[in-house]
Amino acid sequence: MSGAVATADKPRAVSDIGSAGKFLFWAGVVLLCAWVLVPIYLLAVNTLSSPQQVTAFPKTGVPSFDMGSIQFFLSFEGVLKALWNSVLVAVLTMILSIAIGAPAGYALSRFEFPGKATFRMLVLMTRAFPLPLLALPIAVMFIRIGLDDTPIGLALVHTTLAIPFAVLITFSIFSGIPLELEEAAWTLGCNRLQAFHKVVLPLVLPGITASAIFAFTISWNEVFAASVLTVQNRTLTAFLLQSLSVSPLHLRFAGGAALVIPALIFIFAVRKYMFAMWGIANR
Amino acid sequence: MAEILIKGVAKSFGSFTALHSIDLTIADQEFMVLLGASGCGKTTLLRIIAGLESPTQGEVWIGGKRVDQLPPRERGIAMVFQNYAVFPHLTVYENIAFGLRMKKLPQAEVDTRVKRTAELMHIEQLLKRYSGQLSGGQRQRVAVARALAMEPDVILMDEPLSNLDALLRLEMRAELKGVLANSKTTTIYVTHDQVEAMSLADRISVMNGGHIVQAASPVEVYRNPAARFVGSFIGNPPMNFLPATRNGDGRYHVAGIALDGPSQGGAKLEFAIRPEDLTIAAGGLKATARVIEPLGAHTLVTSEVDGKLFRAVLDSDLKVAPGDELSLVPKPDRVRWFDLETSKAVN
């Protein structure tokens, strides 16, 4: 084979893609960022503007930092109670999903047992059933056993939503701790529980916390089950869904922001563990 | 006293048999090396002794106590792992103190032992550091110090030097030998590196395919391999082998020359000689030199005898070129014979 043929056939390096390629790349980046950021930006601007500015035209695009909308929203009948319910349900979800998910993640990463692959599959399969399909039977069942309209009842449903993530995240975190560390602890006088407590736990705690916060946000954002399963004790999402459709525009923006901002902050705080969930060591 | 007795220990993983009924006795304060290629079962045997793996059958006794059903913490052992297993969330001091705190020793005693072992391993200036701030060699030292601080009856080491670079390995090897000789513990050391095995061991157990092929002193293993595998595995370059046939006169014919063979042997045997046990003289094996490698002290000559690969370590003064015909005479007292069927040594 001649040298000329060999060079002509060489694939081009990623670094010397042409200007058209570069344009496509950056256009893609801008588009994706805009897809996520523009709605959040509009939400923030309108929340921080006075009611008159929200409905006025043309828009300035700059918030006037008028707290009127937020103040009105917070003093709105039932908002604080709904906020409290949301927090309560989310905290319960967080505790339950870690209490159940973390041991499952540990078992998946440390033990070989028959049906392990099937079990992993089943954990993911729980997400295959749309909630609307399950909501009605669950509501009927909850009413029968008296769990309807209670924070714990809703937290149970949210826990089933959060568990696949809790299991997957903790599985990947536990897998990142070399078994040798535990074995070393065993040879140094620990039983299995002590080794877990003294060696594994301190190393996985940040990841477990992240997983817990993720469960919290799943519950915090969930609206369907919350709307179906609660009547008096509505969470913030269900409450807003019910009352905001009949509220003025500026109030809707304030409610939307109240929902989005905490979730956004939490997810941002634990973002690197979200990558870990998919096995990407991107720090 | 911590004599280790291994009686008929076998281990299977599903249909794969990692260990076939191992019997081994390791004397108190002995330095025993388990040597073999990867997958021969040496690490599995070590882990069974440590209690990190349970044997499918057989018994393990340490210091007169049967331990094969006990968890690692009740066996009086300490272990050094291949990847060091230094706890990343603890300082060097707390790493070394870890086992002592589990034993609930008073703080003064913990402090004394940590300081002493740290000094022994030359890491006293690193006590406040974390694992992430240490080099591989320093982590290795911490792992050994942590094991020594336990003052165990038995120290188990799983390829502790294999992750270090060549120079550091040499340095640590000599240091380990000194430290462990003074600590008066029984040591079992797993390695695939024969030089490491030869230099450290009181006795070497050569393992192959889940069996212990030979357990003897380094020199014995080198000079009198109990099986063909040992001869071909130990020594660099390894032993040379040639087929031998007994003649009517009771002598064995090897590649055209007649040699006195074992009286017990069958009609067909395998002749074996170490490359350095050959001299150039008349009436020897006819060899055609192929590759000449001058190594300074010696010259390694790779040649062909009867169409078979044959290596000789010769004096470096010797002038030899590829294609030369050599006559290589084996030293009579260094010739070994192996049975063709069983691969065992025949005397």
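The values are calculated or read from the model by the stated rules, or taken from the named source; none is laboratory data. These figures come from a predicted structure and were not determined experimentally. Every residue, glycine as well, gets a Cβ built from its backbone with ideal geometry; the counts of neighbours run over all protein chains shown. SASA here: full protein model, heavy atoms, side chains in, ligands and nucleic acids out. Shrake-Rupley method; radii C 1.70, N 1.55, O 1.52, S 1.80 Å.
Taking interchain pairs and intrachain pairs at least six residues apart, which have beta carbon atoms under 7 angstrom, with the first residue in segment B:106-135 and in the same structural domain as residue B:95 (by TED's automatic domain parsing) and the second of a type in the set (Val, Ile, Thr) and not in a helix (DSSP H, G or I)?
These pairs meet every condition: B:127/B:91; B:128/B:91; B:129/B:91; B:130/B:91; B:131/B:86.
Suppose we keep only residues that are within 14 Å of chain A (Cβ to nearest Cβ) and part of a loop (DSSP other than H, G, I, E, B) within segment B:96-126. Which one would you say is least open to solvent (accessible area, probe 1.4 Å)? If you could, list the steps in order and put the result at the bottom.
At the first step, the residues of segment B:96-126 found to be within 14 Å of chain A (Cβ to nearest Cβ) are B:96-105, B:110, B:113-114, B:117.
Filter once more, keeping what is part of a loop (DSSP other than H, G, I, E, B): B:103-105.
Numbers: B:103: 99, B:104: 167, B:105: 48 Å².
Ranking the qualifying residues of segment B:96-126, first place goes to B:105.
From the list B:258, B:289, pick out the single residue that is of a type in the set (A, V, I, L, M), at pLDDT below 90 and part of a strand (DSSP E or B). Spell out the reasoning first.
Working: B:289 fails: at pLDDT below 90.
None of the other options fit; the residue is B:258.
With respect to residue B:247, determine if the residue is of a type outside the set (Val, Ile, Thr) and open to solvent by 40 Å² or more (accessible area, probe 1.4 Å).
Numbers: of a type outside the set (Val, Ile, Thr): yes; open to solvent by 40 Å² or more (accessible area, probe 1.4 Å): yes.
Yes: the conditions hold for residue B:247.
Considering only residues that are farther than 19 Å from residue B:139 by Cα, open to solvent by 60 Å² or more (accessible area, probe 1.4 Å), touching a residue at least 12 places away in the same chain (Cβ under 8 Å) and more than 9 Å from the chain's Cα centre (by Cα), which ones fall in segment B:156-212?
B:181, B:184, B:202, B:208, B:211
With the requirement that a residue be of a type outside the set (Val, Ile, Thr) and either more than 14 Å from chain B (Cβ to nearest Cβ) or not in a helix (DSSP H, G or I) (or both), what does segment A:164-188 give you? Break it down into steps so the answer makes sense when it comes.
Start the filter on segment A:164-188 by keeping residues that are of a type outside the set (Val, Ile, Thr), which leaves A:164-166, A:168, A:171-172, A:174-176, A:178-186, A:188.
Hits for segment A:164-188 are A:164, A:165, A:166, A:168, A:171, A:172, A:174, A:175, A:176, A:178, A:188.
Please go through segment B:50-92 and give me each residue that is within 7 Å of another protein chain (Cβ to nearest Cβ) and outside any loop (DSSP other than H, G, I, E, B), ordered by number.
Within segment B:50-92, B:50, B:72, B:73, B:77, B:78, B:79 qualify.
If you scan segment A:248-259, which residues turn out to be in a helix (DSSP H, G or I) and surrounded by fewer than 17 Cβ atoms within 10 Å (Cβ to Cβ)?
Filtering segment A:248-259 down to residues in a helix (DSSP H, G or I) leaves A:249-259.
Passing the criteria: only A:249.
Is it the case, given these coordinates, that residue A:70 is exposed (fewer than 15 other Cβ atoms within 10 Å of the Cβ), part of a helix (DSSP H, G or I) and in contact (Cβ under 8 Å) with a residue 60 or more places away in the chain?
Working: exposed (fewer than 15 other Cβ atoms within 10 Å of the Cβ): no; part of a helix (DSSP H, G or I): yes; in contact (Cβ under 8 Å) with a residue 60 or more places away in the chain: yes.
So residue A:70 fails the test.
Being within 29 Å of residue B:5 (Cβ to Cβ) and either within 12 Å of chain A (Cβ to nearest Cβ) or crowded, with 16+ Cβ neighbours inside 10 Å (or both): is that true of residue B:152 here?
Yes: the conditions hold for residue B:152.
Filter segment B:1-49 for residues that are small (Gly, Ala, Ser) and under 23 Å from residue B:153 (Cβ atoms) and give the result. It would help to see each step written out before you state the result.
Taking segment B:1-49 as the starting set, the residues that turn out to be small (Gly, Ala, Ser) are B:2, B:8, B:10, B:12, B:14-15, B:18, B:21, B:27, B:36-39, B:41.
Those that are small (Gly, Ala, Ser) and under 23 Å from residue B:153 (Cβ atoms): B:2, B:8, B:27.
Among residues belonging to segment A:201-218 that are open to solvent by 20 Å² or more (accessible area, probe 1.4 Å) and more than 10 Å from chain B (Cβ to nearest Cβ), point out the one that is farthest from residue B:96 (Cα to Cα). Give the derivation first.
First, the residues of segment A:201-218 that are open to solvent by 20 Å² or more (accessible area, probe 1.4 Å): A:201-203, A:205-206, A:208-209, A:213-214, A:216, A:218.
Okay, now just the ones that are also more than 10 Å from chain B (Cβ to nearest Cβ), so A:206, A:208-209, A:213-214, A:216, A:218.
Details: A:206: 25, A:208: 27, A:209: 29, A:213: 35, A:214: 37, A:216: 39, A:218: 43 Å.
Result: A:218.
Cβ-Cβ below 6 Å, separation at least six or inter-chain, first residue in segment A:39-63 and open to solvent by less than 100 Å² (accessible area, probe 1.4 Å), second of a type in the set (A, V, I, L, M) and in a loop (DSSP other than H, G, I, E, B): which pairs?
Correct list of pairs: A:63/A:48.
Among the residues of segment A:189-200, which ones are facing another protein chain (nearest Cβ under 7 Å) and either in contact with a Leu (Cβ under 8 Å, 6 or more places away or on another chain) or open to solvent by 10 Å² or more (accessible area, probe 1.4 Å) (or both)?
Of segment A:189-200, the ones facing another protein chain (nearest Cβ under 7 Å) are A:189-191, A:199.
A:189, A:191, A:199, listed by residue number.
So how many residues does segment A:96-119 have that are closer than 19 Å to residue A:218 by Cβ and either in contact (Cβ under 8 Å) with a residue 40 or more places away in the chain or outside the structural domain of residue A:250 (by TED's automatic domain parsing) (or both)?
Matching residues across segment A:96-119 total 8.
Which of the numbered conditions does residue B:137 fail, given that it passes all the others? Conditions: (1) in a helix (DSSP H, G or I); (2) within 14 Å of chain A (Cβ to nearest Cβ).
(2)
Return yes or no: is residue B:196 of a type in the set (Asp, Glu), part of a helix (DSSP H, G or I) and within 30 Å of residue B:8 (Cβ to Cβ)?
Values: of a type in the set (Asp, Glu): yes; part of a helix (DSSP H, G or I): yes; within 30 Å of residue B:8 (Cβ to Cβ): yes.
So residue B:196 passes the test.
Which of the numbered conditions does residue B:88 fail, given that it passes all the others? Conditions: (1) farther than 27 Å from residue B:47 by Cβ; (2) surrounded by fewer than 22 Cβ atoms within 10 Å (Cβ to Cβ).
(1)
Are there any pairs, at least 6 apart or on different chains, whose C-beta atoms fall under 8 Å, with the first in segment A:129-155 and closer than 17 Å to residue A:89 by Cβ and the second in a helix (DSSP H, G or I) and among the polar types (S, T, N, Q), and if so, which?
Note: pairs meeting the criteria are A:151/A:85; A:155/A:93; A:155/A:219.
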